[in-house]
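One structure is given below, encoded as structure tokens.
Just so it is clear, none of the values below were taken in a lab; they were calculated from the coordinates. Quick caveat: nothing in here was measured; it's all calculated off a predicted structure. Ideal geometry is used to build each Cβ from the backbone, glycine not excepted, and the neighbour counts take in all protein chains shown.
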């Protein structure tokens, strides 16, 4: 019998999902998680194209990921496993684990989903779908308590981004991954080459659309215990000044520097 409590799908990392050193990007981790979750929900007849028939829309409000130093590289095969671990009347939490085909972990974390009534434009209880969703609370390895971002950071940089058609999803809203890409634009190549991301937390707060101009303000957050640890908060605001998303990340020095020649056997 097919296991509908957990779902695993294998992906091959493509060139579009790697950085300048052939490593999988943080945005790609979000992409593979969301795609795997969508496939899982499709098996339950609860995918976006299923619930829209009831004038409902799945909305992800929060994403948390922790990364291992052995980052996956271009052409690696990775297995993504997702399972729903907690459900309240308004929130569904989905945990995930990404590992290489040999079992080495790449990342793990969770996301929070809510249902939106597309006619009333407000959140709606998921009670009507509860009977179709299996929840595995015993597999919850992380607290789902929402992280509160510090507000005492030092301003470092800011950039503007004009929303274009490539930023949009099927609902004609700016897609979730676009906010991560905008945030990462503020990091230069030397920093990305010398430091590895350790954790990533995203809060999506407001919708944005084609033609909007987004202002991304970068702050470095203090850490008095570890001078080698970099903590950053990206605040992405709309034209009207309201915050659309916040991206928090932590970075540590890379312990392993990739020699590109090592990729020759892969190519």
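With each run of n ≥ 4 DSSP H residues scored as -39500 (n - 2.57), what mean residue ellipticity at 222 nm is computed for the chain after dividing by its residue count and rounding to the nearest 500 deg cm²/dmol? The partial results should precede the final answer.
Numbers: 4 runs with 37 residues, N = 267.
Only helices count here, giving -4000 deg cm²/dmol.
Suppose the chain between residue 212 and residue 252 were pulled fully straight at 0.36 nm per residue; how much longer would it get relative to their current alpha carbon spacing? Don't jump to the answer; show the numbers that get you there.
Values: separation 40, 0.36 × 40 = 14.40 nm, distance 3.36 nm.
That pair, residue 212 and residue 252, stretches by 11.0 nm at full extension.
Quick one: what Rg and Dmax do you get for the stretch 92-133 from the alpha carbons, in Å?
In Å, with Rg to one decimal and Dmax whole: 15.6, 47.
Compare 118, 140, 208 in a GNM of the chain, Cα atoms joined below 10 Å, and give the one with the largest fluctuation.
Maximum among the listed residues: 118.
To the nearest 0.05, what FRET efficiency results for residue 39 and residue 224 with a Förster distance of 51 Å applied to their C-beta separation?
Numbers: r = 44 Å, r/R0 = 0.85.
Approximately 0.70, to the nearest 0.05.
How do the peptides 155-161, 22-28, 227-233 rank, highest first, by the average count of neighbouring beta carbon atoms within 10 Å per residue? Present the calculation step by step, with values, prior to reporting the outcome.
On the way: 155-161: 13.6, 22-28: 21.7, 227-233: 15.3.
In decreasing order of mean packing, 155-161, 22-28, 227-233 become 22-28, 227-233, 155-161.
Please give the FRET efficiency for residue 9 paired with residue 239, using the beta carbon to beta carbon distance and R0 = 30 Å, rounded to the nearest 0.05.
Details: r = 38 Å, r/R0 = 1.26.
Efficiency, rounded to the nearest 0.05: 0.20.
By how many nm would the segment from residue 170 to residue 194 lengthen if fully extended, with 0.36 nm per residue of separation less the alpha-carbon distance? Please list the in-between numbers first.
On the way: separation 24, 0.36 × 24 = 8.64 nm, distance 3.61 nm.
Contour length minus the Cα-Cα distance gives 5.0 nm.
Roughly how many Å is it from the Cα centre of the stretch 54-127 to that of the stretch 4-40, as a whole number?
Rounded to whole Å, the Cα centres lie 11 Å apart.
Below 8 Å, C-alpha to C-alpha, sequence gap of six or more: please give me the relative contact order for the chain in percent.
Values: 523 pairs, mean separation 46.8, N = 267.
Once divided by the residue count of the chain, the mean separation gives 18 percent.
For residue 144 and residue 16, what is the calculated FRET efficiency with R₀ set at 41 Å and r taken between the beta-carbons, to the nearest 0.05?
After rounding, the FRET efficiency stands at 0.85.
Kindly rank 209-215, 96-102, 82-88 from highest to lowest mean number of other beta carbons found within 10 Å of each residue.
82-88, 96-102, 209-215
What is the Cα coordinate range of the stretch 1-143 on the first, second and third principal axes, sorted by size from largest, in whole angstrom?
46, 30, 30
Please compute the contact order of the stretch 147-267 in relative form: average sequence separation of alpha-carbon pairs under 8 Å and at least six residues apart, divided by the residue count, as a percent. List each step's numbers first, then the result.
Details: 212 pairs, mean separation 37.1, N = 121.
Normalised by residue count, the contact order of the stretch 147-267 is 31 percent.
Given the Cα atoms of the chain, and with Rh set as the inverse mean 1/r over their pairs in the Kirkwood sense, what is Rg to Rh to two decimals?
Values: Rg = 18.8 Å, Rh = 19.6 Å.
That ratio is 0.96, to two decimals.
Quick one: compute the contact order of the stretch 1-143, relative version, from alpha carbon pairs under 8 angstrom and 6+ residues apart, as a percent.
Numbers: 268 pairs, mean separation 38.8, N = 143.
It rounds to 27 percent for the stretch 1-143.
How large is the translational diffusion coefficient of the stretch 147-267 in µm² per second when you combine the Kirkwood radius over alpha carbon pairs with Stokes-Einstein at 20 °C and 1.002 mPa s? Mind showing how you got there, number by number?
Working: Rh = 15.8 Å.
Result for D is 135 µm²/s.
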